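**Student:** The structure is given below, and queries will be raised subsequently.
Just so it is clear, none of the values below were taken in a lab; they were calculated from the coordinates. Source: prediction; values computed, not measured. Backbone-built Cβ (ideal geometry, glycine too); neighbour counts: all protein chains shown.
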Amino acid sequence: MFEVVETPGTRQPTPGADVPVDASMIARWTNALCQAAGAADGDFARIDALRALEELKCAAEAAQADLAVDLDTSMRARAADQGIPAERQGRGIAHQIALARRVSPHRGQRQLGLAKVLRAELPHTMAAFRAGKIGEWKATLLARETACLDRADRALIDRELAADVATLEKMSDRQVAAEAAKRAAKLDPASVVRRRAKAEADRRVTIRPAPDTMTYLTGLLPMAKGVSVYAALTQAADALKSGGDPRSRGQIMADILVARITGQDDASGQAPVHINLVVSDQTLLGGGNDPAHVDGLGPIPADLARELVERSLSAECETWLKTVYAGPHGGLVAMSSLARLVPKGLGDLLNVRDGGICRTPWCDALIRHHDHATGVANGGETIEEDLQGLCESCNYAKQAPGWSAAGKHPPGKRHQVETTTPTGHTYTSTAPPLPGQRERRSNLVVVEIHHRHDLQLDYAPAA
């Protein structure tokens, strides 16, 4: 999504080490590995190299876990010395880890949590991890399935499953998870009941983009209910198949799911819709082929964008077309405000400019906050150049001491935000290209389509 430039801070070698393993040495290893593919002589040697590289990869992940715990300990101690309240001392640490590892802040938080658990409560699992015999995911499974236990029971399962590294190495991911769960249920049945109750309270339905203008609609349900839903869909699909329905079983189940949830008699018919669509005027009105963008979904083909607008107008849906003008740098023309809170119109512009996705590098969360890159207390203004769209977590992280950011429009380039973390590392994110702006000849049209029950959304790609 974003072009990212990293400026590493100064890293010091580990004091007292006979052979300091610092960032420069690890960089030399990385360069050397570029030659690994051509170094193996024969297929036997290639298999040996593959196994050795796998162990090195696992050991490197374990080293990252150790470094993450050390960073967390150090930064929390520094925050305590500065008089920061205990509940705020860890703010932003996981985000720094995520930036360093080029993952989302959510994943960075999970990686830090796992590292702390392995170090403090699962020493045998951590030893196997450091030795390169298991990877991060297998360690995660063992930690996850024992999370409901007290420290003594957790340590017992860790010893029983992970002390014998050779046996643990040979177990599959499913075997590790099943064995840990079975032993946890035997040691403390009450904790398993509490865990199940908590899991049922977390039931939810989520949606995320899938390739080719599809979406993944996922329901996290208690087992009995999930099995019942699937069985009902399967039974209905089998009945239709036995009656000669030409659709596949999967297609029938998907159509029945839509029909039953939306209350339609036929899933191939109409469905209500509320869409925020960003499209270039050339694509919408001039037959251009630049993809459009749908909030919460991502890019869609030009012909689908035109078809959605055409159908909404034909069905007499409430449809708003708003023109947004772009500047010569390929970004939006700035709007300013004297208010500290971002006005709705300016907020809409930010959502369009940033593609609806948090501006933090490698974060795929949706925008929830319109943030002043340079805080108002530090002279920041409520103007497009100094504003960015962030998710809630990233906005709160940058409020921690030592973080700073600034927005800018470099000459001839799209909007950029330069963020500096407490360790002195700098990350620059560039706003994604706007629809139709690669040629810098199009203005944007934001289309708001409000739902009606008679708007059909079936889509077939243009020939």
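**Student:** If you rank H409, H95, H370 by fewest surrounding Cβ atoms within 10 Å, what's the result? Please report the intermediate quantities before stating the final value.
**Tutor:** Numbers: H409 19, H95 26, H370 22.
Final ranking by Cβ density, sparse to dense: H409, H370, H95.
**Student:** Expressed in whole Å with the largest first, what are the equivalent ellipsoid semi-axes of the stretch 55-106 derived from the C-alpha gyration tensor as the square root of 5 times each eigenvalue?
**Tutor:** 25, 13, 6
**Student:** Something else: Spin-label point model (7 Å from Cα, Cβ direction): what's the Q35 to R203 distance in nm?
**Tutor:** 6.0 nm
**Student:** Show me, for the stretch 402-409, the HN-Hα J-couplings you get by feeding each phi into the Karplus relation (A = 6.51, B = -1.76, C = 1.60, θ = phi - 60°), rounded to Hz, glycine and proline as x.
**Tutor:** Taking θ as phi minus 60°, the curve returns x, 8, 8, 8, 8, x, 7, 10 Hz for the stretch 402-409.
**Student:** Next question. In whole Hz, what ³J(HN,Hα) sequence does the stretch 170-178 give by Karplus (6.51, -1.76, 1.60; θ = phi - 60°), x for Gly and Pro?
**Tutor:** Calculated HN-Hα couplings, in order: 7, 6, 6, 4, 5, 5, 4, 5, 5 Hz.
**Student:** Which net charge results when you count Lys and Arg as +1 and Asp and Glu as -1 among the other residues whose beta-carbon is under 11 Å from that of Y396?
**Tutor:** Summing Lys and Arg as +1 and Asp and Glu as -1 gives +2.
**Student:** Could I have the simple spin-label model distance between L366 and K186, label points 7 Å from Cα toward Cβ, reported in nm to one decimal?
**Tutor:** Result for the modelled spin labels: 4.5 nm.
**Student:** Show me the trypsin sites (Lys or Arg not before Pro) within the stretch 82-148 that DSSP assigns to loop and that have at most 14 other Cβ atoms within 10 Å of their Cβ.
**Tutor:** Answer by residue number: R102.
**Student:** Compute for the stretch 204-262: radius of gyration divided by Kirkwood radius, i.e. Rg/Rh, restricted to C-alpha atoms, rounded to two decimals.
**Tutor:** Using Cα coordinates only, the ratio equals 1.01.
**Student:** A further question on this structure: What size of dipole, in debye to the nearest 20, comes out for the stretch 204-262 about its Cα centre when the only charges are +1 on Lys and Arg C-beta atoms and -1 on Asp and Glu C-beta atoms?
**Tutor:** Using Cβ point charges on Lys, Arg, Asp and Glu, the stretch 204-262 gives about 200 debye.
**Student:** Could you give the length gained on full extension between A166 and L50, defined as 0.36 nm per residue of separation minus the Cα-Cα distance, in nm?
**Tutor:** Full-extension gain reported as 39.9 nm.
**Student:** How much length is gained on full extension from D81 to R196, taking 0.36 nm per residue of separation minus their Cα-Cα distance?
**Tutor:** Taking D81 through R196 to full extension adds about 37.4 nm, to one decimal.
**Student:** For a label point 7 angstrom out from the Cα of M223 toward its Cβ, which stretches of the stretch 129-170 have the backbone nitrogen within less than 20 Å?
**Tutor:** Under cut-off, by backbone N: 141-149.
**Student:** Output ³J(HN,Hα) for the stretch 180-188: one whole-Hz value per residue in order, computed from phi by the Karplus curve 6.51 cos²θ - 1.76 cosθ + 1.60 with θ = phi - 60°, and x for Gly and Pro.
**Tutor:** Once θ is set to phi - 60°, the couplings for the stretch 180-188 become 5, 5, 5, 5, 5, 5, 6, 6, 8 Hz.
**Student:** Right, something else. Determine the alpha carbon to alpha carbon distance for each of K138/K182; K116/K408; K116/K398; K57/K198 and list only those over 26 Å.
**Tutor:** Long pairs (Cα-Cα over 26 Å): K116/K408; K57/K198.
**Student:** Moving on. Arrange the following residues from fewest to most other Cβ atoms within 10 Å of their Cβ: E121, E54.
**Tutor:** The most exposed by this proxy come first: E54, E121.
**Student:** Given H placed on each backbone N at 1.01 Å, which residues far from H415 in sequence or on other chains put an amide H within less than 5 Å of it?
**Tutor:** A431
**Student:** Arrange the following residues from fewest to most other Cβ atoms within 10 Å of their Cβ: W362, W137.
**Tutor:** Neighbour counts put them in this order, fewest first: W137, W362.
**Student:** Related question: When 1/r is averaged over all different Cα pairs and the result inverted, which Kirkwood radius in Å belongs to the stretch 42-201? Show your work: numbers first, answer last.
**Tutor:** Working: mean 1/r = 0.0585 Å⁻¹.
After inverting the mean inverse Cα-Cα distance, the result is 17.1 Å.
**Student:** Tell me, rounded to the nearest percent, the portion of alpha carbon pairs in the stretch 131-240 spaced more than 16 Å apart.
**Tutor:** Numbers: 4182 of 5995 pairs.
The answer is 70 percent, as a whole percent.
**Student:** Whose amide H sits under 5 Å from the amide H of L221, counting only residues 5 or more places off or on another chain, with H placed in the peptide plane?
**Tutor:** none
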